[in-house]
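*Asks:* A single structure is presented below for examination.
Just so it is clear, none of the values below were taken in a lab; they were calculated from the coordinates. This is a predicted model, so every value here is computed, not measured. Glycine also receives a Cβ, built like all others from the backbone with ideal geometry; neighbour counts cover every protein chain displayed.
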Amino acid sequence: MGTRIERMARNLGSCIVLLGVTACAITPPTSIHQPVSVRPAETRSATPAAGAIYNAGGRSLFEDRRARYVGDTIIVNLVERTSASKAANTAATRGSSMEAGITSLQGVPGKFLAPLQVGAGTDSSFNGQGSAAANNTFNGTIAATVIDVFPNGNLLVSGEKKLAINTGDEFIRFSGIVNPTNVTSMNTVQSVQVADARIEYKGSGYIDEAQSMGWMQRFFNLILPF
């Protein structure tokens, strides 16, 4: 009996360790456009005529290197800064009163009617106040890849940067739709010029797990909200 219990305890410990290691290796979920990188399509170049330098399948010698094809890379400057605030104040008051009594009753002396006076009153009041404020700043640089080109020429770009710091990983992700006219000659674009921009900064590891509520605590908060 004792050997069986010891075996069960060892198996349980191994499962806990395995779950812990697996949880540390899980990549945080993302909402950016997928995939984050693609392989450019092969270009078949025609054999140039003897003595010519023109290549029908390649880029022009005078063409800049700004991203315009699937598989090209582009530098995105993250210059996000947002600020929002909201305040509300509500007040309401209501009151009422009522009095009733019997002044005369046949066959009953008036001195016995005095205790039959009835009075009632209600008062209610409500006062509510609320405020909210948010300030966010995100600065940095990330290289993204063109994963699709729309018929109007706009570019769908997506990219991810992973930083391994001690026992944790940091993920910086970006995706959005870039208008080629906003791309500079240095092949850069500001994040505020990107449509449908999705920016993420997430991490995984012991530090991020310590800042997250455990699944059992979340379960009890769900069924016992009070």
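*Asks:* Residues of segment 123-158 with amide nitrogen under 15 Å from the 7 Å Cα-to-Cβ point of Ser85?
*Replies:* Residues 130-136 fall inside that zone.
*Asks:* Okay, next question. Residues with beta-carbon under 14 Å from that of Phe138, excluding Phe138: net charge, scoring Lys, Arg +1 and Asp, Glu -1?
*Replies:* For residues surrounding Phe138, the net value is +2.
*Asks:* So what's the net charge close to Val157: Lys and Arg +1, Asp and Glu -1, counting the other residues with Cβ under 14 Å from its Cβ?
*Replies:* +1
*Asks:* Also, quick follow-up: Using label points projected 7 Å from each Cα along Cα→Cβ, tell me how many nm separate Thr141 and Ser124, to one decimal.
*Replies:* 6.3 nm
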